[in-house]
Amino acid sequence: MSKMHVKMTVNGKEIEALAEPRTLLIHFLRENQKLTGPHIGCDTGHCGACTIDLDGKSIKSCMTFVGQVAGKSVTTIEGIANPDGTLHALQEAFREHHGLQCGFCTPGMITRAHSLLQENPDPTDEEIRYGISGNLCRCTGYQNIVKAIRAAAQMLNVQEAAE
Amino acid sequence: MIPGSFDYHRPQSVSEATAMLADLGEDALIVAGGHSLIPMMKLRMALPEHLIDIQDIADIKSISISGRDVAIGAMVTQADLINSAELQAICPILRETSLQIADPQIRNLGTIGGNVANGDPGNDLPALMQTLDASYILVSNSGTREVKARDFYEAAYFTERSETEILTAIHFTAPPAGHGFSYMKQKRKIGDYATAAAAVIIALKDGTVESASIGLTNVSDTPLYAEQASRLLIGSRLDDATIKSAVEAAKTITDPAEDGRGPKEFRVHLTGVMVERAIRQAIKTAT
Ligand SMILES: Cc1cc2nc3c(=O)[nH]c(=O)nc-3n(C[C@H](O)[C@H](O)[C@H](O)COP(=O)(O)OP(=O)(O)OC[C@H]3O[C@@H](n4cnc5c(N)ncnc54)[C@H](O)[C@@H]3O)c2cc1C
Ligand code: FES
Ligand code: FES
């Protein structure tokens, strides 16, 4: 069972690599691409720590083989900050509103929230809670996570109105 | 957990995929979203030597509706089912049920075809397909056949599909306009399979039931179409005594496993609760 050639876009950059077909996307990102932002929490699809964006949709990278995403575009938490290096509104808001404690779930939470705000730029608290229902926070800091996502949505909507 | 080794293939058409299946036989498995298969591969309960990824096959990805006839391609994702306004207009129980499957990330890759082909009694869509009296289209090198969802499931992970067949589409006729519907699922947390769940579809005329259909999830080693319970509702005006008799009839066909979701008696009892709630909710949604 030979290695396969995979090509994809990762955080805006085209990459090419050799990988065993059985490589899970999370392992490929962390070990081959050295992107250790996405975490491995449960390895069973439940916790959402490994959430990444695939062609604009949130997916769990521990439940996906690398070959399945060949030819597609992947965004990890490393690709969320603004091009000039300043923090994205979501990252700012998580800091400002104490949306993280130990920080383990944070890359998955922010990546998921990023896609959620694209689907629904002005979500209610209930929609935020439903939208992040596939992400667990072991520190159970959900109140502030919801607050941070709401604040980021407001910030982004104000920015958009100003442009 | 690392799955065993395999070779990965991405055929571009149904015929290319069925040729591979014919050639590789039991050494090959289809992968759709992978969200039931990859967990099995991690546990080494599935050890395919070849994975045939069917994501590039263009003609099994769409929903087409003509009149009340619905055809859904196998690679339509659970998120697509939720987002289809056309489907929502004619058969809203598909959206209601899909919203109770797993979580947003899983539904972005998990497909309807994988959910119904998988054969896990915990999957939510098979009982719904039985309730809708849907048929599955199975294609192999030697031809195409259609199998009713009500005849498809044999035991946990054993279905009528042979290993050289691909499930390409699901066909059904949407229930009459104004039908009442509900999918009630009791689960321990988001992303959990049902402790018990019930799908109910009823069509009323002047308060009398013209047609009724009830399906049950995860209370036996296959999904269940509750035929007797459905029949009891037909012709009635859904008085309390009739509902009670249908609930009891549904409970008698169950044989739930004892697992972390609770002892058998509890799950049988809960089946009754889900059926009753689903009937009452269906009455409310009927117009
Ligand atoms: C954390 C988590 C929670 C979940 N919760 C739920 C839940 O609450 N309810 C629920 O119903 N499901 C749940 N699931 C399962 C999920 O819905 C899966 O997506 C679904 O069961 C399988 O679809 P798939 O496209 O991922 O199929 P795969 O995993 O790719 O395939 C499943 C099986 O079907 C076969 N197969 C797939 N497509 C075809 C085809 N077109 N023709 C023939 N054979 C095919 C494969 O060979 C494999 O054996 C959950 C999964 C996870 C990881
Ligand atoms: S590590 Fe992927 S969902 Fe938990
Ligand atoms: S901040 Fe610790 S797991 Fe969420």
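The values are calculated or read from the model by the stated rules, or taken from the named source; none is laboratory data. The structure presented is a predicted model; accordingly, all values stated were derived computationally and were not measured. Quick reminder, even Gly has a Cβ in these numbers, built from the backbone with ideal geometry, and neighbours come from all protein chains shown.
I'm trying to understand the selection: among the residues of the range B:240-259, which are free of Cβ contacts under 8 Å to residues at least 12 places away in the same chain and not in a helix (DSSP H, G or I)?
Correct list: B:GLU258, B:ASP259.
Looking at (1) of a type in the set (S, T, N, Q); (2) touching a residue at least 40 places away in the same chain (Cβ under 8 Å); (3) within 13 Å of another protein chain (Cβ to nearest Cβ), which is the only condition B:THR97 fails?
Of (1) of a type in the set (S, T, N, Q); (2) touching a residue at least 40 places away in the same chain (Cβ under 8 Å); (3) within 13 Å of another protein chain (Cβ to nearest Cβ), only one is false for B:THR97: (3).
I'm trying to understand the selection: among the residues of the range A:1-15, which are free of Cβ contacts under 8 Å to residues at least 24 places away in the same chain and either within 12 Å of A:VAL66 (Cα to Cα) or touching a helix residue (DSSP H, G or I) at 6+ places or on another chain (Cβ under 8 Å) (or both)?
A:LYS3, A:HIS5
Within the range B:199-224, which residues are more than 16 Å from B:THR242 (Cβ to Cβ) and either surrounded by 24 or more Cβ atoms within 10 Å (Cβ to Cβ) or not assigned by TED's automatic domain parsing to the domain that holds B:ARG280 (or both)?
Within the range B:199-224, B:ALA199, B:ILE201, B:GLY215, B:LEU216, B:THR217, B:ASN218, B:VAL219, B:PRO223, B:LEU224 meet the criteria.
Against the condition outside any helix (DSSP H, G or I), surrounded by 15 or more Cβ atoms within 10 Å (Cβ to Cβ), within 16 Å of ligand 2 (Cβ to nearest atom) and within 14 Å of another protein chain (Cβ to nearest Cβ), how does A:GLY134 come out, does it pass?
In short, yes.
One line per residue, one yes/no per condition, for (1) away from chain B (no Cβ under 11 Å); (2) closer than 21 Å to B:ALA79 by Cβ:
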residue	(1), (2)
A:THR23	no, no
A:LEU35	yes, no
A:LEU54	no, yes
A:THR76	yes, yes
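Could you check the range A:89-117 and list, in sequence order, the residues that are surrounded by fewer than 19 Cβ atoms within 10 Å (Cβ to Cβ) and within 13 Å of the chain's Cα centre (by Cα)?
Within the range A:89-117, A:PHE104 is the sole residue that qualifies.
For the range A:80-130, which positions are without any contact (Cβ under 8 Å) to a residue 12 or more places away in the chain and of a type in the set (S, T, N, Q)?
A:ASN82, A:THR86, A:ASN120, A:THR124
Check A:CYS42, A:CYS47 and return the single one that is crowded, with 21+ Cβ neighbours inside 10 Å and either within 15 Å of ligand 1 (Cβ to nearest atom) or part of a loop (DSSP other than H, G, I, E, B) (or both).
A:CYS47
For the range B:1-31, name all the residues that are within 14 Å of chain A (Cβ to nearest Cβ) and either in a strand (DSSP E or B) or farther than 23 Å from B:GLY110 by Cβ (or both).
Of everything in the range B:1-31, those that are within 14 Å of chain A (Cβ to nearest Cβ) and either in a strand (DSSP E or B) or farther than 23 Å from B:GLY110 by Cβ (or both) turn out to be B:SER5, B:ASP7, B:TYR8, B:HIS9, B:LEU24, B:ASP27, B:ALA28, B:LEU29, B:ILE30, B:VAL31.
Give the residue, chosen from B:GLY114, B:GLY33, that is within 16 Å of ligand 2 (Cβ to nearest atom), surrounded by 20 or more Cβ atoms within 10 Å (Cβ to Cβ) and not polar (S, T, N, Q).
Every option except B:GLY33 fails the conditions.
Out of B:SER220, B:SER182, B:SER211, which single residue is in contact (Cβ under 8 Å) with a residue 60 or more places away in the chain and part of a strand (DSSP E or B)?
It is B:SER182.
When the residues of the range A:78-117 are filtered to those that are within 14 Å of chain B (Cβ to nearest Cβ) and of a type outside the set (A, V, I, L, M), which remaining residue is nearest to ligand 2 (Cβ to nearest atom)?
Here the answer is A:GLY108.
Could you pull out the residue among A:GLY41, A:GLY12, A:GLY37 that is outside the structural domain of A:ILE149 (by TED's automatic domain parsing), within 15 Å of ligand 3 (Cβ to nearest atom) and under 29 Å from A:GLN159 (Cα atoms)?
A:GLY37
May I ask you to list the residues in the range A:56-65 that are farther than 11 Å from B:ILE38 by Cβ and within 9 Å of chain B (Cβ to nearest Cβ)?
A:LYS57, A:SER58, A:ILE59
Give the range A:55-75 a look and list any residue that's outside any helix (DSSP H, G or I) and within 13 Å of ligand 2 (Cβ to nearest atom), or say none.
Those that are outside any helix (DSSP H, G or I) and within 13 Å of ligand 2 (Cβ to nearest atom): A:SER58, A:ILE59, A:LYS60, A:THR64.
Select the helices (runs of 4 or more DSSP H) contained entirely in the range B:55-143, then report the ones holding at least 1 residues which are touching a His at 6+ places or on another chain (Cβ under 6 Å) and in the same structural domain as B:THR164 (by TED's automatic domain parsing).
In the range B:55-143, B:104-109 are the helices (runs of 4 or more DSSP H) which contain 1 or more residues that are touching a His at 6+ places or on another chain (Cβ under 6 Å) and in the same structural domain as B:THR164 (by TED's automatic domain parsing).
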